[in-house]
Each structure stands twice: as structure tokens, then as C-alpha cells.
Amino acid sequence: MLTTLVGLPIEQLDTPALLVDLDALERNIARMAADIEARGSSWRPHSKANKSPAIAHLELAAGAIGIACAKLGEAEVMAASGVPNIMVPNQVVGPIKARRAAALATQTRLILAVDSETQARQLDEAAVALGTHPEAVIELDTGMNRGGQPPGDKVMRLAELIAGMDGLTFSGVMTWEGHCMSVSDPVEREAAIRSSVGKLVDMAERIRAAGIPVEIVSAGGTGTYLTTASIEGVTEVQAGGGIWGDQVYLNLGANVEPALSIMAQVVSRPQPDRILTDAGRKTVDPSNMPPIPQNVPEYISQAFSAEHGKIVLSEPSKTPGVGDRIFYRVGYSDQCNHLHENFYGVRDGVVEAIWPVLARGRIQ
């Protein structure tokens, strides 16, 4: 049983292991909750970077109104673990998924992103058949150029259609202003965020003016939440990955600290300037942001194959040796956590909690 590891020093864990600094995680959760509340919005943290009900319940205890899940399968895991309010800000399409969504609405408040009449009718038909009422938020494209409808008449017609349905219930609108994160100048980035999210707020007001209530106006992610949460008319923010304080989100200015690392083992020192570890691409996907080695001499490069991490040192060194542990700061939690079976919660170098990553692999 994994619980037999609780109380042991981390040196007695096998490698590679995904470690959570519990003190840092708790501070990050508290900071994000407070920052968003102080700016006038509610917090609906996205769970795509943790996929763990244990983490979701920590966020709910800190004041989150619910969570967001990237996939319906993730939402099913979270609902089965008692999470009472779940949004899937992604298109749930097709009769199979529509039936699953209608059934899931018996277990939790379920809110689904919708951007087409076809999708809305599928969801409504399944809901009527099961006698449930999942909710819909229309996704708007406010500059991301991915999913969603541009603000305008088509969104208005879709809102009117859903508002008249017997199963699917209209609840509001949402967007993701992720394109604004690529704006490097902080002043220009804030202006871009306000412009993008402003289109969402304006569309919500237009729908209200037509006599259709709009409860939810949802936007934001960790790269934008400090601005988005302060925009008048936004009701909730979906920032979630920031709780891990990975390098991607630190670079974007999130008010958090590093809380996630990988403990790996040196498995070979074939040359004095080369370190080989057991943390390869199956441990961390480095394609967005590679992990950052911490307790090694100065290095000039690193590379990853399926099972190995390679670090090339600036100068020959005898340390670390074969069997020694090294630590990587995680570059991007979204592309790391789902590769692991468990989080090992650590405080003062001792394992305090083990949280299964229950929604890993839930891609349907």
C-alpha cells in the first residue's frame, strides 16, 4: 500500500517521483483565491494540470466555487469524488458524449461550453431523454482563433435557441483570452486582455438586454487572471495551473512560487561531463518548457529520450555520482503531471500525503 510511505523521508521513495512542496502549494492556493476574490471575481480553477480530486477539494476549501475540466472523462472522475460544480470549457460533441453528459448531470452541477446549434441540439436531446438539465455557456472567440463563435448575431441566435430548450439550460458565456499571453510588454498585454474580455462582457449585456438571464461570464487563465478577475462584468476566472508555480507560469507573472519538482536518480556517468538520469520523456514532456535541473554543477545543455534525461556539464565533475538523487523544477505542469500515477506531498523532506492522479489518461 502506498500509504506505508507516509512518514518516510523522500530519500526512501523510488524514482522518478513527482514531489509537491505542501507548504508552497498551500500558499499558492491561498494566494490565488485571495487575489481573485480581491478583484471581484469568483474562482473556478482549471484541473487539467492536476487531474486529482484531492487537489480540487483543497481548492474548494480555499473558496473556489467549483472547478473546470478539459475533458468529460475528467469531470466524471471529479464528480465521483464529490466535486459539486464542474464546467467543461470544451466542446462535448456527439450522441455518445451527450448521453454521458446528461447522466453526469445527475451527480454534479454540470456546465458545458457550446459553440454550435448541432452540439446544443445533441446535448438537449440526451438531457430530455434522461430528464436532466446540464447547463450551457456559449464559448466566444475573442481573439484566440480556436474554438468559439465571434461575438455577434450568431451568438445571440444560439442563446435564444438554448434558452428555449427543455433539457439543456442556458447559463451564460465564456472565453479564453490566451492569445494575450504572447504580448510581451506588460502594459500592452493588460490592454489586450481588457479588450478581449470586454467583448465577452459586452455580449453578455446584449443577451441580457434581449430578456435572457446571464448568470455566468467566465474567462481567464493563470497567464491572465490578475487582470481578468478585475474586469467589471466577469463573474468567474478559470485560472488553475498556477497553483504549481511551474516555470511557464512564473514567466507569465503569476503571483505564486515553485511547488512542484521531479526527484530523479543518476543512473550513469559515462563521461565526467555527462549525467544520465531516469527521468526521460515518459516522466516529463519537455516540448513546451523543459524541466530545470537544480542540484547539479553548471551545465551547458540537456536532452531527453524516452527513458533518460541527459545533462552535459560545463566542466568535468565527479558529482553527482551514480545512485545520487537530483531534482528538476517542473517546466510546465500541464505536460508533466498526467504522466505520473501519484503526487507525493512533502513537508520538511518527509512524505505527508500521497494523492493519486485519478483522471490521468481520461482523454474521452
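Restricting attention to the stretch 311-339, the residues being hydroxyl-bearing (Ser, Thr, Tyr) and crowded, with 20+ Cβ neighbours inside 10 Å number 3. Restricting attention to the stretch 143-191, the residues being acidic (Asp, Glu), in contact (Cβ under 8 Å) with a residue 40 or more places away in the chain, assigned to a helix (DSSP H, G or I) and more than 28 Å from residue 128 (Cβ to Cβ) number 0.
I'm trying to understand the selection: among the residues of the stretch 273-310, which are polar (S, T, N, Q) and surrounded by fewer than 17 Cβ atoms within 10 Å (Cβ to Cβ)? Those that are polar (S, T, N, Q) and surrounded by fewer than 17 Cβ atoms within 10 Å (Cβ to Cβ): 287, 288, 294, 295, 301, 305. Of the candidates 282, 318, the single residue that is of a type in the set (D, E, K, R), more than 19 Å from residue 47 (Cα to Cα), part of a loop (DSSP other than H, G, I, E, B) and in contact with a Leu (Cβ under 9 Å, 6 or more places away or on another chain) is 282.
From the residues in the stretch 232-249 that are part of a loop (DSSP other than H, G, I, E, B), in contact (Cβ under 8 Å) with a residue 40 or more places away in the chain and out of contact with any Phe, Trp or Tyr (no Cβ under 8 Å at 6 or more places or on another chain), which one is surrounded by the most Cβ atoms within 10 Å (Cβ to Cβ)?
Per the stated criteria, the residue is 240.
Criterion applied to 30, 49, 34, 24 was being closer than 17 Å to residue 330 by Cβ and in a helix (DSSP H, G or I), and the one residue passing it is 24. Scanning the stretch 66-103 for residues that are buried (at least 23 other Cβ atoms within 10 Å of the Cβ) and farther than 21 Å from residue 238 by Cα gives 98, 102.
When the stretch 203-222 is limited to residues that are in a helix (DSSP H, G or I) and without any contact (Cβ under 8 Å) to a residue 60 or more places away in the chain, the one that is surrounded by the fewest Cβ atoms within 10 Å (Cβ to Cβ) turns out to be 209.
For beta carbons closer than 9 Å, sequence separation of 6+ or different chains, a first residue in the stretch 79-108 that is free of Cβ contacts under 8 Å to residues at least 12 places away in the same chain and a second that is surrounded by fewer than 17 Cβ atoms within 10 Å (Cβ to Cβ), the qualifying pairs are 96/364. Every condition in (1) without any contact (Cβ under 8 Å) to a residue 24 or more places away in the chain; (2) in contact with a strand residue (DSSP E or B) (Cβ under 8 Å, 6 or more places away or on another chain); (3) outside any loop (DSSP other than H, G, I, E, B); (4) surrounded by 14 or more Cβ atoms within 10 Å (Cβ to Cβ) holds for residue 270 except the one numbered (4).
Coordinate-derived values only; no laboratory data. Quick caveat: nothing in here was measured; it's all calculated off a predicted structure. Heads up, the Cβs are rebuilt from the backbone with ideal geometry, glycines too, and the neighbour counts pull from every protein chain shown.
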